[in-house]
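Everything below concerns the one structure shown next.
The values are calculated or read from the model by the stated rules, or taken from the named source; none is laboratory data. On a predicted model such as this, the values are computed, not experimentally measured, just so you know. All Cβ positions, glycine included, derive from the backbone under ideal geometry; neighbour counts span all protein chains shown.
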Ligand SMILES: Nc1ncnc2c1ncn2[C@@H]1O[C@H](COP(=O)(O)OP(=O)(O)OP(=O)(O)O)[C@@H](O)[C@H]1O
Ligand SMILES: [Mg+2]
């Protein structure tokens with residue numbers, strides 16, 4: 001990278017405003033939720049899409065994964081609940097430590113894993129059902145409610161945790177499709193939270209949303225993490241990473257190049273590729 005370009009980095013990064021408590025939050029991170037060690041992914045035997053990613057995520061932490069298109073962010077995220085294994089010929093190598101197991105190499109119950117490590121996608125994907133049923137069906141499927149009253153209570157708790165309750169409490173029998181995109185996305189978050197996960201994976205959850213809905217999802221992500229869940233969010237939006245996350249990891253060409261407290265990553269990046277990305281030279 002040209003020296004002139006590098007000297008512009010500080011000025012460019014100064015425009016990225018950090019979340020209110022960014023400086024203090026990382027010192028208060030909870031216990032380890034999930035930890036990867038040298039994780040790699042092959043979609044076929046010839047080319048490796050991801051290599052040697054070692055990252056630790058804590059309870060109470062919002063972790064942002066950033067980097068240019070095609071660098072492996074979604075691939076990595078999909079390793080954390082083994083979604084990649086649904087893709088034919090896809091192979092994961094390395095280790096992922098979660099609740100005392102290595103989920104890559106040990107025999108684990110996939111149904112339980114996906115319950116504890118929830119995932120929210122780019123496009124909101126509610127079921128063609130009522131708002132209530134969208135959440136209740138997930139709870140019933142896992143046999144978590146002991147009575148109708150318990151089910152009602154769990155649905156309300158999940159909708160509150162997804163910061164949607166106040167907007168829908170009088171319309172629970174309305175179709176989920178009648179909600180706005182941002183509300184649908186929070187409904188999908190509620191559906192996931194209803195299963196009491198301890199890790200929530202979000203792959204560009206705001207890419208289809210307007211700025212107001214985006215801020216609502218960011219506030220929701222923050223409040224979910226504050227309740228003790230580990231939230232891992234892929235984003236192309238560096239302002240978003242700066243606003244919402246405690247830690248940021250930068251991916252480039254299938255590798256995790258740099259990780260650290262979000263404030264440090266944006267104010268004092270080390271790697272030239274990260275400097276270039278933050279200053280908008282590519283991506
Ligand atoms: N299902 C798949 N089969 C084969 N190759 C894939 C598959 N999914 C991703 N890849 C390849 O793996 C690499 C990483 O892709 P990935 O989708 O993880 O990137 P990304 O960082 O999430 O990109 P974007 O920001 O565009 O979403 C790319 O080269 C991509 O072509
Ligand atoms: Mg992606």
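Once the stretch 61-86 is narrowed to residues that are in a loop (DSSP other than H, G, I, E, B) and touching a helix residue (DSSP H, G or I) at 6+ places or on another chain (Cβ under 8 Å), the residue that is surrounded by the most Cβ atoms within 10 Å (Cβ to Cβ) is 67. Have a look at 85, 77 and point out the one that is closer than 21 Å to residue 234 by Cβ, modelled with pLDDT under 95 and either away from ligand 2 (no atom under 16 Å from the Cβ) or in contact with a strand residue (DSSP E or B) (Cβ under 6 Å, 6 or more places away or on another chain) (or both). Unique residue meeting the criteria: 85. Determine whether the stretch 120-135 contains at least one residue that is without any contact (Cβ under 8 Å) to a residue 60 or more places away in the chain, assigned to a helix (DSSP H, G or I) and closer than 26 Å to residue 246 by Cβ. Within the stretch 120-135 (the criterion being without any contact (Cβ under 8 Å) to a residue 60 or more places away in the chain, assigned to a helix (DSSP H, G or I) and closer than 26 Å to residue 246 by Cβ), the answer is no, since none of the residues qualifies. Residues in the stretch 74-116 that are more than 12 Å from ligand 1 (Cβ to nearest atom) and in contact (Cβ under 8 Å) with a residue 40 or more places away in the chain: 80, 81, 92, 93, 94, 95, 96, 97, 98, 104, 115, 116. Taken over the stretch 242-271, the criterion of being touching a helix residue (DSSP H, G or I) at 6+ places or on another chain (Cβ under 7 Å) and within 13 Å of ligand 1 (Cβ to nearest atom) is satisfied by 250, 251, 252, 257.
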